[in-house]
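Derivation of every value follows stated rules applied to the coordinates shown; laboratory data play no part. Computed from a prediction, not measured in an experiment: that's the story for all the values here.
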Amino acid sequence: MHIATITLHPERFPDTTVYPFNLPAFQNTRSIDFKTNVTFFAGENGSGKSTLLKAVCRKCGIHIWSEDCWSRAHYNPYEESLFEYLDIGWAAGRKPGAFFSAETYEHMTKMIDLWASTDPKLLDYFGGKSLLEQSHGESFISFFKSRYTIEGVYFLDEPETALSPKWQLEFLKFLEEMGRDGHAQFIIATHSPILLSCPNATILSFERSLINKITFEETEHFRVYRDFILDRLKNKNLEAT
């Protein structure tokens, strides 16, 4: 691992009545240890998993690209300031890295295509084919396999958003391989039970008042899908009789 620990400082939170400082998971968690090269943040929307992911990313000095901000009816001055109240413990010195989210991926692929119009060899890094000419799944996997073979820390916010179950399985295979390789560390916020099943990965749950490690079978995502499928099979069997 490159990042060994994250330390939160709730005693310094500026206002514990507003998001994200009002979340019990942040108020009660002092530190998070990283023991595996692939770590998942799991929890419902609003639980703080993506917020902490981005905060750690910012604390590492990694830029998070975003579109121009629109005006909002209710402005929260603290929404993106959690990084100011945490520390990163590096295992062997700071490492470079990158942030990925499906919502900004389309803009990035258009920029790569624009650059490739004057430098076609650039596409060699992505299988020799424009990312815009590939399916979502092909495009994502081509990008992942080119970018994440470089040593570093990689933050991914719900990468499964534009991936079918088939391509999630392809990404799962890639994650398992990269986790064994050890040169890259992945911290991923996800809702996908397919990705959460990654062998030897750590799953951190944001569902309770303390961020804690759980097993794949303990995740709500697994239980919901399992119960749905079992109920469906039960109804099918009843119809057959």
So what's Rg/Rh here for the stretch 1-58, counting alpha carbon atoms and using the Kirkwood radius for Rh? 0.96
Semi-axes of the equivalent ellipsoid for the stretch 1-142, please: Cα gyration tensor eigenvalues, times 5, square-rooted, ordered largest first, whole Å. 33, 20, 13
P(r) weight above 22 Å for the chain, C-alpha pairs, percent: 58
Test of understanding: what is the full-extension gain from ASP227 to GLU11, defined as 0.36 nm times their sequence separation minus their Cα-Cα distance? 73.7 nm
As a percent rounded to 5, the proportion of antiparallel DSSP bridges among beta bridges in the stretch 106-241 is 35
Roughly how many Å is it from the Cα centre of the stretch 173-203 to that of the stretch 1-68, as a whole number? 18
Straight-line reach from LYS145: which lysines fall under 29 Å, measuring Cα to Cα and dropping same-chain residues less than 8 apart? LYS35, LYS49, LYS54, LYS59, LYS95, LYS110, LYS121, LYS129, LYS166, LYS173, LYS213
Would you mind computing the Rg to Rh ratio of the stretch 98-241 from its alpha-carbon coordinates, Kirkwood style for Rh? 1.06
